[in-house]
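I have placed the structure first, in the form of structure tokens, so that the comments after it can refer back to it.
The values are calculated or read from the model by the stated rules, or taken from the named source; none is laboratory data. These numbers were taken from a predicted model, which means no experiment stands behind them. Cβ sites come from the backbone with ideal geometry, for glycine too, and all protein chains shown count toward neighbours. Ligands, DNA and RNA are stripped out before the accessible areas are found, and what is left, the full protein with its side chains, is counted by its heavy atoms. Shrake-Rupley method; radii C 1.70, N 1.55, O 1.52, S 1.80 Å.
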Amino acid sequence: MAKYVAKRIGLAFMTAFIILSLTFILVKLLPFERPIGGDAQQIAYFDKQYSLGYVYRFDYEKTDLGECLYKTPSTNGRSNYYYMVPVMKQYTNWLKNIVTKWDWGYSKTFQPNVSAGVIIGSRIGYSIRLNILSVIFSVPIGILLGIWAALKKNTMTDHTISTLVMVFISIPSFVLISFILRIFSYDLGWLPSSWPTASATAAVKAQGYIIPVFCLSFGSICGYCRFTRAELCEVMESDYLLLARTKGLTRRQAILRHAMKNAMVPIFPSILAEFIGILGGSMILEQLYGIPGIGKLFVLALNYKDYDILFVDMAIFTTLSLLAGVLLDLSYGFIDPRIRMGAKK
């Protein structure tokens, strides 16, 4: 078991390394707009965007470095020549700084000269709290609705729940939050229409979680309900449950002692996967509601072309997703002792 865990964790980090390396190289190969003209503002912008570790700058022409990106107008008989550092050289420098100094770079446009790690650290708490609250809210409601629908199989209750789940699971989160904002924020004025500021009262800050938590939980509730109903219905029709009934157990006893326990084996591990799915899906919601989390930061980093922040954000999402996959596999063994990971046949 220990060998299996070590192997899976090693593969997860190797996969993360490959993903981040490919992301860095492909992003650096993207074309960029060169400045037109030669006024001081354009030169300063170009220098700010590309000269911080990524552009060689000389006061004389260096033809052996490749194509000259930009040449400033001559001043006192002297011009500045800009040459892009080769992508692989940028990659090795970036990797060296991470391994030796744990330095992921600095923001160049979003918050100039502020460490990317500091910026991420100041925002990741909002995303984590938001997603934990949504999981706490959605898991019990979704599972209970699924159990209710399974116990009332092929009745009006089951048909109503199943129909509503199929309808509501198809609604995108941005449509749902727009609809809720229109009713509860703009028409009724019961809830804040955007994320409360730091100076807001504790009550207003608490109200600020209601809309995003509900919108994130909505799809999860439908998913848990459908999944729980399907698993429980399948278990209730199994041979061992019929055998338990023939031995004298009532339907209630057979469901509580056998059906529920076995139906929960694939459901509880899916909570981890659902958490990661919500974390990625909250990007759109954070942007729409103005939540200062890492989901919104990812979008801003793309818009500003602030690549160091983008890489740190990408590293967090990638690492969490891969480690969640490892925990997901291991959780099956803890929930059902009959499952042994890495055992030889």
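Values for this structure:
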quantity: Paired Rg and Dmax values of the range 181-326, which use every Cα atom, in angstrom; calculated: 21.7, 68
quantity: Simple spin-label estimate for Val175 and Tyr4 in nanometres, 7 Å along Cα-Cβ; calculated: 4.2 nm
quantity: Heavy atoms of Leu29 accessible to a 1.4 Å probe, total area in Å² rounded to 10; calculated: 110 Å²
quantity: Per residue accessible area in Å² of the range 99-142, where ligands, DNA and RNA are left out and the probe is 1.4 Å; calculated: 53 Å²
quantity: Accessible area (Å², 1.4 Å probe, nearest 10) - Met260; calculated: 40 Å²
quantity: Share of carbon and sulfur in the accessible heavy-atom surface of the range 178-301 [1.4 Å probe, %]; calculated: 63 percent
quantity: Accessible area of Phe174 in the full protein assembly, 1.4 Å probe (Å², nearest 10); calculated: 100 Å²
quantity: Over 22 Å (Cα to Cα) - which of Lys28/Lys108; Lys96/Lys296; Lys28/Lys305; Lys7/Lys28; Lys7/Lys261; Lys3/Lys261 fall in this group; calculated: Lys96/Lys296; Lys7/Lys28; Lys7/Lys261; Lys3/Lys261
quantity: Distance (nanometres) between label positions extended 7 Å along Cα→Cβ at Glu237 and Met156; calculated: 2.5 nm
quantity: Order of exposure, largest accessible area first, which applies to Val114, Val265 with probe 1.4 Å; calculated: Val114, Val265
